[in-house]
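Written below as structure tokens is the structure these notes are about.
The values are calculated or read from the model by the stated rules, or taken from the named source; none is laboratory data. Bear in mind the structure is a predicted one, so any value in this text is a computation, not a measurement. Note that we place each Cβ from the backbone using ideal geometry, even for glycine, and neighbour counts take in every protein chain shown. For the accessible areas, the whole protein counts, side chains as well, though only heavy atoms, and no ligand, DNA or RNA atoms are used. Shrake-Rupley method; radii C 1.70, N 1.55, O 1.52, S 1.80 Å.
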Amino acid sequence: MSSPLTLAPAPPSEAAEEVRAQVRQFLAEELAAGTFTTHVDTWLSGVDPAFSRKLGERGWLGMTWPREYGGHERSAMERYAVTEELLAAGAPVAAHWIADRQSGPNLLRYGTEAQRREILPRIAAGECFFVIGMSEPDSGSDLASIRTKAVRDAGGDWVVTGAKVWTSNAHLSHYGIVLVRTSAADPADRHAGLSQLLVDLSLPGITINPIRILDGGHHFNEVVFDEVVVPGDMLLGEEGAGWHQVTAELAFERSGPERFLSTYPLLAEFARRACDTGDAAQLGALGRLSARLLALRQLSLRIAAALDRGELPDIPAALVKDVGTTFEADVVDEIRRVVEVVPSLDSPDPLGRALAEAQLHAPGYTLRGGTNEILRGIVARGLGLR
């Protein structure tokens, strides 16, 4: 019998390897010019709109989208190669990341023609940035319990009241796709009555409050909506279909290489150290981590290929996010165990700096995109185990 976790291998792609070489050359030139420096977890914390525009100019955003919407009609494998190289280099890609990864595909699938033509070309150009408006302060991992509501006014517009939390880079973004309750909760079907709105974050009544992480950095936010009037034509998809749309969106969010490459710059620096020293304990740790990384990459590639075929591999995506973010935390622990280095953001040792960054960001690895405990429940349910 087939399993929901059974996916065909990703096919080899000459085009993907060609674009990979181009991205590597571009990144080497940018590093040499000093336009950016390598850091850990830059898909969430490395905001550089100018760098995002450079990627857009080279056709490396909106890669799989139709040309009529500013895309380039390239394969998911080509996009994966670009994404992987940017992450491995620790490049500052956070500004465009969510828009390119999931908001754009969400608009392609559910948006109106006017929404697509207005917004998608700007995303592909690296000029329009998005946030995810799902989690709420009092909902925890129970997304169906959200309380942000949207009601129609006499003119047909939506009036939104509530709050969203962990909205990465909302203070630097233009739009959010916000999950709201548009009809009263039904105890018999908690997933009914939810809808998604496309919200301009500059609208009156929106307040963005920073949530700082351990190193004092600011990319998380709380976004408060106080009777915000959203135009009636900014409904995304169908009213009441929000749960189905969010589930589809999460397959894009959970399965990409960012779920196991956030700490890759640290791993790469450690690999250089281990090879230089020849220390048996360090080389052993490097071998264990490398084997896990290669396995995770194959899982993620298979999901990218499935998305390319038009499939929706939500169960495998949840699994990749679970084991991938567990791996990211384990990279920190394994390296700390075998290397005597003081982690410090001010360290002259690049390994010490990378280790400090990874440690300070580590609490978020297994939370963002859904906690690992919730993801394991999703996988268990998909396999018929609960």
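Close amide H contacts of residue 132 (hydrogens built in the peptide plane, cut-off under 5 Å, sequence separation of 5 or more or a different chain): 168. Take the Kirkwood radius over Cα pairs of the stretch 14-129, plug it into Stokes-Einstein at 4 °C and 1.567 mPa s, and you get 92 µm²/s for translational diffusion. Normalised by 2.2 N^0.38 Å, where N counts its residues, the alpha-carbon radius of gyration of the chain equals 0.99.
Between helix 264-277 and the chain there is an angle of about 10 degrees, using the helix long axis and the longest principal axis of the Cα atoms.
Sorted on the mean count of surrounding Cβ atoms within 10 Å across their residues, most packed first, peptides 340-353, 313-326, 126-139 read 313-326, 126-139, 340-353. For residue 46, nonlocal amide neighbours, meaning residues 5 or more places apart or on other chains whose placed amide H falls under 5 Å from its own, are 93, 94. Think of a 1.4 Å ball rolled over the protein heavy atoms: the chain then has 43 Å² of accessible area per residue. The stretch 141-189 and the stretch 225-289 have Cα centres separated by 23 Å.
Compared with the dominant principal axis of the Cα atoms in the chain, helix 14-33 is inclined by about 80°. Using helices alone, I'd like the mean residue ellipticity at 222 nm for the chain: each DSSP H run of four-plus residues gives -39500 (n - 2.57), total over residue count, nearest 500. Result for the chain: -14500 deg cm²/dmol, rounded to the nearest 500. Per atom type, the chain shows carbon and sulfur on 54% of its accessible surface, probed at 1.4 Å. Only Lys, Arg, Asp and Glu carry charge here, each on its Cβ (+1 for the first two, -1 for the last two); on that basis the chain has a dipole of about 640 debye about its Cα centre. The mean of 1/r over all pairs of different alpha-carbon atoms in the stretch 246-382, once inverted, gives a Kirkwood hydrodynamic radius of 15.7 Å.
Each of 332, 51, 111 was placed along the dipole of the chain (beta-carbon charges, centred on the mean Cα), and the one lying farthest toward the positive end is 332.
The C-alpha atoms of the chain define a longest principal axis, and helix 314-338 lies at about 40 degrees to it. Ordering of 42-54, 283-295, 108-120 by packing is 42-54, 108-120, 283-295, highest average first (other Cβ atoms within 10 Å, averaged per residue).
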